[in-house]
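Working notes, structure below.
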């Protein structure tokens with residue numbers, strides 16, 4: 001009875017916010033929905049981007065094949081992380097979400113370490129401003145998502161989490177989830193690597209650190225209680241992945257904004273990459289604690305107005321939030337510390353692009369040059 005009442009409330013909230021945000025965003029929301037590449041059907045989510053990501057089994061198989069060819073044993077040896085993790089299960093990760101054309105190797109590098117059948121995904125909400133969304137987590141109510149091989153199941157874990165959260169912590173809105181691309185590319189890769197994967201997608205919009213920390217604590221309690229009831233283990237049964245591209249750099253193609261503080265020559269490129277690596281190593285590697293996560297967030301956004309960038313990492317909320325939850329869970333359930341390892345880093349300039357000549361319409365959705373490029377960090381988290 002409790003579950004039915006909770007589900008009814010979820011659906012009512014979903015309908016309310018769908019209507020109010022359509023009024024708030026107006027034509028912008030309708031335009032976004034018109035851009036969806038594969039439309040949702042009934043209770044199945046479609047696919048927003050059918051150029052940047054694989055939508056069919058044939059495409060995904062070819063992407064995976066190329067990723068294996070691009071994998072660098074020399075690069076992995078240089079990073080030295082495989083020896084450090086040995087047979088440990090991946091608890092959490094930071095994964096790119098840019099076009100496969102540029103960043104597929106980094107997706108594969110991280111996600112090939114996922115062992116759990118249940119993956120909780122923390123997505124960037126790029127269009128939060130359009131929907132006037134902030135300070136709440138965003139869930140969907142779809143039963144499945146479009147996958148390249150078959151529909152990807154949404155885990156029953158989602159409803160169990162929602163019914164344990166304070167109602168003010170979240171909204172349920174399929175339109176918001178449908179127009180957001182930052183999760184779907186990861187979902188397709190997860191299915192390619194594990195046909196039995198189940199997902200829970202949570203978008204993380206604008207919020208200050210106090211709100212982020214409070215929501216993370218509440219979500220941790222909800223997840224921890226379920227994990228304990230089921231006798232699950234982190235990494236083996238549940239994994240948490242945060243979606244994020246690193247720096248968005250350049251003076252062209254960014255909606256009229258100039259994101260090139262170091263210039264747009266070779267030196268400017270090198271300085272932008274150096275800053276990315278310093279951010280990743282300072283805040284996202286080694287033992288993870290709240291001080292580091294808060295430091296990353298307020299390195300990327302203005303602490304007095306979190307809607308304003310300081311450094312253009314689009315995962316400025318999804319990463320601190322997801323790792324806040326993952327580190328709290330690790331401590332609460334295992335009495336251990338979560339430790340991050342940078343598996344590798346690349347950019348849309350440095351990475352070897354996929355051969356898309358036989359990928360049936362897949363390709364880049366943006367240019368790659370010193371005037372417009374994106375950084376990618378693949379970071380894995382294991383218990384110490």
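Any read-out appearing in this document is the output of simple, stated calculations on the displayed coordinates, not a laboratory observation. Just so we're clear, the structure is a prediction, and the values are computed from it rather than from any experiment. Every residue, glycine as well, gets a Cβ built from its backbone with ideal geometry; the counts of neighbours run over all protein chains shown.
Using a Gaussian network model of the chain with C-alpha springs under 10 Å, which one of 254, 313, 145 is most mobile by mean-square fluctuation?
254
Give the distance, in whole Å, between the Cα centre of segment 162-194 and the Cα centre of segment 35-62.
If we compute the Cα centre of each part, the gap is 15 Å.
Hey, rough spin-label estimate for residue 236 and residue 298, points 7 angstrom out along Cα→Cβ, what's it come to in nanometres?
Here the answer is 3.9 nm between the modelled labels.
Go ahead and estimate [θ] at 222 nm for the chain from helices alone: -39,500 (n - 2.57) per DSSP H run with n ≥ 4, summed, over the residue count, rounded to 500. Provide the component values of the computation, followed by the final result.
On the way: 14 runs with 159 residues, N = 384.
Calculated from helices alone, the mean residue ellipticity at 222 nm is -12500 deg cm²/dmol.
Roughly what would the spin-label model give for residue 360 and residue 126, points 7 Å off Cα along C-beta, in nm?
2.4 nm
Which of rounded, prolate or oblate describes segment 2-383 when judged by the alpha-carbon gyration tensor and an a/c cut-off of 1.5?
Rounded is the answer for segment 2-383, as its axis ratio a/c remains below 1.5.
Once you put a point 7 Å from the Cα of residue 266 and another 7 Å from the Cα of residue 69, both along the Cβ direction, what distance in nm separates them?
2.9 nm
Assuming R0 = 22 Å, what is the FRET efficiency of residue 167 and residue 134, from their Cβ-Cβ distance, to the nearest 0.05? Present the calculation step by step, with values, prior to reporting the outcome.
On the way: r = 17 Å, r/R0 = 0.75.
Step by step, r from the Cβ atoms, then E = 0.85.
Based on C-alpha coordinates, I'd like the Rg and Dmax of segment 173-324, in Å.
Radius of gyration, then largest Cα-Cα span, for segment 173-324: 17.4, 56 Å.
If packing is taken as the average count of other Cβ atoms within 10 Å, what order do 188-198, 163-173 fall into, highest mean first? Before the final figure, lay out each step's value.
Values: 188-198: 19.8, 163-173: 17.1.
So the peptides 188-198, 163-173, ranked by packing, come out 188-198, 163-173.
Pop the C-beta distance of residue 39 and residue 143 into the FRET formula with R0 = 22 Å and round what comes out to the nearest 0.05.
E between residue 39 and residue 143, to the nearest 0.05, is 0.85.
Compute the length gained on full extension between residue 28 and residue 217: take 0.36 nm times their separation in residues and subtract their Cα-Cα distance, giving the result in nm to one decimal.
Using 0.36 nm per residue and subtracting the Cα-Cα distance, I get 64.7 nm.
Over every pair of different alpha-carbon atoms in segment 241-378, take the mean of 1/r and invert it; report that Kirkwood radius in Å.
16.3 Å
Can you say what percent of the DSSP beta bridges in the chain, counting only those with both residues inside, are antiparallel? Round to 5.
About 50 percent, rounded to the nearest 5.
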